[in-house]
Each structure stands twice: as structure tokens, then as C-alpha cells.
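First up is the structure itself, then whatever we jot down about it.
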Amino acid sequence: MKSMLNVALPKGRLGEKVYSMFEKAGFECPSIKENNRKLIFENEEVGVRYFWVKPSDVAIYVERGAADIGVAGKDILLEYSPDVYELLDLNIGKCRMAVAAKKDFRYDMSRTLRVATKFKNIASNHYLSKGMDIDIIHLNGSIEIAPILDLSDVIVDIVETGTTLKENDLEVIEEIVPISARFIANKTSYKFKSEAIDKIVKQMALEG
Ligand code: PRP
């Protein structure tokens, strides 16, 4: 029996784009387009099995080998440093990690800066590199509310179009790092399935 390649796809709009890249690379799975509640799809003929997972969980599936390969945002890779190979920048899902604050905000070095974020490590490392001591407030979403309600002084978050900041009277005060979707592979899988994985990476590099 042909060995299956297990692929963790990020659920959502980015995932649809990612799937169509796999499809173009020759790993089609037509049933994936027919059912929107099912989470696992396979095409035995081409030897591929897809799972839809929460985008922030893709790296966990790949690191632990439940998936051989997957696509994860650079934000997640920087935040959690999973032990995986990052094989390709897909040049999609582009955005940036930034510090944002209310328009009249100024750093006050006499007080500990309060930073609200989903990305504790990225935020800590950013301020560590500036030699600043900070108080991290870990939130799970709607980060933009924090400075408005004076829960924090600034936020560290993803900015894509900038609309969320604008609608909430916030602005970017520092850019931390550009973000995009990356093709990742489990280290052991890459040893044993390198031929199939390299074939996809090559094809996708041509598509990008
Ligand atoms: C992300 C991010 C910002 C927004 C940025 O939120 O946390 O809130 O998108 O996009 P924009 O610059 O195009 O407005 P997401 O939709 O992931 O929701 P959450 O952070 O509230 O979970």
C-alpha cells in the first residue's frame, strides 16, 4: 500500500488558498470541496490525507508527527518555536506584527509598560531587545480593546489591512516583523517521505 502524506491545513480563508496550491501541485482531493463540516479528507490514489485544524494548532500537529507537513503563519512559528523544518515561504497570508497604541501615546520610561497581546514571546523579545521591562497582559482576541479601556498602554498584534486599528482609533507605533504563511514539515517525516515532500515544495515554489 502506498504511504499517505498527512497534511494539516489552516481552517479558514487562508486554508482554501493553501489547498488550491496543493491541488495545483498534483495532490488533489475533490471531496474536500463537498463537505464543510467534515475535518478529514483523503485521496488514496494520490496518497494524501488533509485535516482542517485551527491555524494556530497546525505547528503542534506537525511537530508531534500527527501531520507530516502543514502550513503555519510565521507569527505562530516565532511565538512557539516548534521543532519543525520551515521549508518554504508561500508568500500568502501576508501581514505584519506591530506595536500599536492610542494616537496620543508616548513611552513613559518611569513606569512599567503594560502590553496586551496574544503573542507573549514575540512581545517580550521585542521589548527585551530595547532593554525595557514590561508587564504582559495575555489576551486571546479583540486585543484592540485593551488600550481603549486602559487595560494596557500598547498592544502587540497582527496588522493586515490596518482597518481594525483605524476603526478603533489606534495606530502602529513600531513594526516588529513581516509575517507570511510558511510550509513546514515534521523532522522525522522529512527523512522518510522526503521525495514526496520535496516534490510539493518545488511545485509550490513555482506557484508562488
Ligand atoms: C486579527 C488581528 C487584528 C486583525 C487585523 O484578528 O488580531 O485584530 O486581524 O486585521 P486588519 O489589519 O485587516 O484589520 P483576528 O481576525 O485573527 O481576530 P482576533 O485577534 O480577535 O482573534
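Values in this text are rule-based calculations from the coordinates and carry no lab data. Just so you know, these numbers come straight off a predicted model, no measurement behind them. Reconstructed Cβ throughout: ideal geometry from the backbone, glycine too, with neighbour counts over all protein chains shown.
Per residue, how big is the convex hull around the C-alpha atoms of the chain? Give it to me in cubic angstrom, could you?
Dividing the Cα hull volume of the chain by its residue count gives 127 Å³.
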*How far, in nm, would the chain grow between Thr161 and Ser3 when pulled straight, counting 0.36 nm per residue and subtracting the alpha carbon separation?*
52.8 nm
*Footprinting exposure proxy for Glu79, Glu195, Glu86 (fewest neighbouring C-beta atoms within 10 Å first)*: Glu195, Glu86, Glu79
*Quick one: which residues, 5+ away or cross-chain, put their amide H under 5 Å from the amide H of Ile137? H built at 1.01 Å from N.*
Val115, Ala116, Thr117
*Where the convex hull is taken over the Cα atoms of the stretch 82-157, what is its projected area averaged over directions, in nm²?*
6.6
_Roughly how far apart, in whole Å, are the Cα centres of the stretch 20-70 and the stretch 101-163?_
35
*In cubic angstrom, how much convex hull volume per residue do the alpha carbon atoms of the stretch 98-208 span?*
137
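Among 185-193, 46-54, what's the highest-first ranking by average C-beta atoms within 10 angstrom per residue?
Numbers: 185-193: 16.6, 46-54: 18.4.
In decreasing order of mean packing, 185-193, 46-54 become 46-54, 185-193.
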*Net charge, Ser142 excluded, C-beta distance under 13 Å - Lys, Arg +1, Asp, Glu -1*: -2
